[in-house]
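A short write-up of the structure that comes next.
The values are calculated or read from the model by the stated rules, or taken from the named source; none is laboratory data. Only a predicted model underlies this, so the values are computations on that prediction, with no experimental measurement involved. Please note: Cβ atoms are built from the backbone with ideal geometry, for glycine as well, and neighbour counts cover all protein chains shown.
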Amino acid sequence: MENKKYDVIIVGAGGAGLMLAREMGRKKRKTLLLDRKTDLLNLSFKTLGSFMDIKEFDLSPDVVATEINKVTLYSKNVKHSARTKASILDKAYLHQHLIESLDKEYVDIETGVYIKKHNSDTTGNITEIIDNKGNTYSATYFVDATGLSGVLSKKSGLQEKEPDVAVGVEFNVKYKGNTNEAHLYLGNHYEGGYGWLFPMKDNRAILGFGSFDILVVKELKKRLNKMLTIPHIAAIVEKDNDDAEGGILPITSVKTKIFYNNLICVGDSVSQVNPVVGEGYKFIFRSAVMAANAIEKALSHQDASFLSEYEQQWNKQYYNFYCNSKRMQEKLIKYSKSDTKVNIGMLFLKTKRDKTVEKIISGEFTRRDNYLP
Ligand SMILES: Cc1cc2nc3c(=O)[nH]c(=O)nc-3n(C[C@H](O)[C@H](O)[C@H](O)COP(=O)(O)OP(=O)(O)OC[C@H]3O[C@@H](n4cnc5c(N)ncnc54)[C@H](O)[C@@H]3O)c2cc1C
């Protein structure tokens with residue numbers, strides 16, 4: 001194979017890699033996007049709840065499956081609704097839209113390429129990455145966007161070798177409830193994990209259940225089926241198939257080191273998913289835009305030290321938010337087995353304005369918000 005030298009090689013064409021590739025193409029930088037999958041639209045689950053403003057990322061309105069204007073949180077005995085502005089995104093369409101928006105003159109895509117290792121020079125700069133067939137790929141800058149695989153982030157010490165994970169499973173069900181209302185379920189009554197019900201088009205919805213607890217993970221599907229028998233869920237949801245979708249997301253400590261020499265890491269490869277509700281896309285898209293800007297500066301000044309701007313900007317914007325969300329995640333893990341404690345947490349939430357509730361669940365809240373109504 002011809003070993004063409006690129007400005008940037010992005011490993012992983014999930015949400016983070018696709019957004020970064022789109023941005024690099026817009027900056028007219030020779031970019032190679034690689035993925036081990038042969039079909040980039042072969043996704044393990046197909047809907048995304050998100051607080052993102054799609055205009056911020058210049059996305060087609062068609063990526064939105066449903067607009068959400070109310071979110072209701074449930075513990076065993078307390079229910080609290082807040083007005084909010086969010087959306088349920090059609091993940092497959094979003095990825096397809098991103099693929100179509102890549103500037104093909106500048107961005108090459110190669111699928112079915114499984115990156116296994118890399119070589120570095122004596123200064124620690126990556127010189128080439130190598131796939132499972134021994135093919136090598138060279139660039140000035142490399143991006144790890146491989147999600148939990150973290151093929152470059154783990155070897156560079158930016159991600160744990162075996163990160164702690166949460167696991168989620170989802171059913172696509174018939175839905176009779178309010179099509180603009182999302183539901184979140186917490187506590188032992190809801191099988192000791194966290195549940196979500198996201199309405200979609202055509203009277204369908206996604207009912208999901210996730211857990212941080214490895215014992216629960218083994219029986220996720222069984223527990224999701226049990227949730228379907230809870231009367232207020234059964235009243236609006238009807239299961240008409242047994243197809244389960246799902247996946248894994250990292251719940252590690254908050255990462256502050258997200259680049260190393262000529263390697264930049266984005267998305268789940270450095271745990272950029274919101275620790276509280278597991279929303280990844282808004283954050284990985286922002287991260288991809290920041291990373292693209294830093295790579296562009298490094299390329300135009302021929303100076304890799306500009307990559308540090310990505311890290312600085314990310315930490316400035318998100319370090320405090322993620323630390324707060326991480327603390328809340330730890331409480332959720334601890335209290336999820338006790339309905340009483342979750343009830344108390346919900347009563348605390350009831351003292352808050354809708355805007356504050358939205359900030360808490362969207363992962364962009366400060367410690368100050370704890371003391372605000
Ligand atoms: C069950 C579940 C529900 C979720 N719900 C939501 C939600 O409602 N809203 C939301 O915003 N987020 C949600 N998330 C989180 C969100 O899905 C992730 O944060 C996001 O997918 C991370 O994107 P990424 O591009 O970093 O990684 P990924 O999506 O994992 O993409 C990584 C890509 O890299 C490729 N790859 C991996 N290793 C290699 C390799 N060695 N060589 C080549 N290619 C490789 C993979 O094939 C893949 O295409 C959910 C996650 C789970 C598990």
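Worth a mention:
- So GLY25, is it of a type outside the set (Phe, Trp, Tyr), farther than 22 Å from MET200 by Cα and crowded, with 17+ Cβ neighbours inside 10 Å: yes
- The set of residues from the range 300-341 being more than 30 Å from ASN77 (Cβ to Cβ), polar (S, T, N, Q) and surrounded by fewer than 17 Cβ atoms within 10 Å (Cβ to Cβ) comprises SER300, GLN302, SER305, SER308, GLN312, ASN315, GLN317, ASN320.
- Which listed residue, of LEU48, LEU43, is crowded, with 21+ Cβ neighbours inside 10 Å, within 16 Å of the ligand (Cβ to nearest atom) and within 23 Å of the chain's Cα centre (by Cα): LEU48
- Of all residues in the range 262-287 being in a helix (DSSP H, G or I) and among the hydrophobic types (A, V, I, L, M, F, W, C), the one that is nearest to the ligand (Cβ to nearest atom): ILE284
- Top-ranked residue of the range 177-233 - restricted to ones that are touching a Leu at 6+ places or on another chain (Cβ under 6 Å) and not aromatic (Phe, Trp, Tyr), ranked as surrounded by the fewest Cβ atoms within 10 Å (Cβ to Cβ): LEU184
- Among residues of the range 34-54 that are over 27 Å from LYS70 (Cα atoms), those with a Cβ under 6 angstrom from a residue that is more than 8 Å from the ligand (Cβ to nearest atom) and assigned to a loop (DSSP other than H, G, I, E, B), sequence gap 6+ or separate chain, pair up as THR38/GLY112.
- Of all residues in the range 8-16, at least one satisfies being part of a helix (DSSP H, G or I) and either away from the ligand (no atom under 15 Å from the Cβ) or within 19 Å of the chain's Cα centre (by Cα) (or both).
- Within the range 196-213, residues that are of a type in the set (S, T, N, Q) reach partners that are at pLDDT below 95 with beta carbons closer than 6 Å, at six or more positions or on different chains, in the pairs SER211/GLY193; SER211/VAL217.
Table: residues versus (1) out of contact with any Lys or Arg (no Cβ under 7 Å at 6 or more places or on another chain); (2) assigned by TED's automatic domain parsing to the domain that holds SER269; (3) among the aliphatic types (A, V, I, L, M).
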position	(1), (2), (3)
LEU299	no, yes, yes
SER308	yes, yes, no
LYS337	yes, no, no
GLY345	yes, no, no
ARG353	yes, no, no
PHE365	no, no, no
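- Odd one out for PHE285, checked against (1) surrounded by fewer than 23 Cβ atoms within 10 Å (Cβ to Cβ); (2) touching a residue at least 40 places away in the same chain (Cβ under 8 Å): (1)
So that you can scan it fast, the table gives a plain yes or no per residue for (1) in contact with a His (Cβ under 8 Å, 6 or more places away or on another chain); (2) at positive phi; (3) modelled with pLDDT of 95 or more:
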position: THR111; (1), (2), (3): no, no, yes
position: TYR114; (1), (2), (3): no, no, yes
position: LYS117; (1), (2), (3): no, no, yes
position: SER120; (1), (2), (3): no, no, yes
position: ILE130; (1), (2), (3): yes, no, yes
position: GLY134; (1), (2), (3): no, yes, yes
position: TYR141; (1), (2), (3): no, no, yes
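- When the test is whether a residue is loosely packed, with under 14 Cβ neighbours inside 10 Å and under 30 Å from THR140 (Cα atoms), GLU238 does not pass it.
- The range 110-129, subset among the β-branched types (Val, Ile, Thr) and part of a strand (DSSP E or B), residue nearest to the ligand (Cβ to nearest atom): ILE115
- ALA65 being assigned by TED's automatic domain parsing to the domain that holds THR127, within 15 Å of the ligand (Cβ to nearest atom) and closer than 27 Å to ALA205 by Cβ: no
- For LEU59, the conditions (1) within 16 Å of the ligand (Cβ to nearest atom); (2) in a strand (DSSP E or B) are fulfilled apart from (2).
- Some residue of the range 257-268 being of a type in the set (Ser, Thr, Tyr) and either in the same structural domain as ASN320 (by TED's automatic domain parsing) or surrounded by 23 or more Cβ atoms within 10 Å (Cβ to Cβ) (or both): yes
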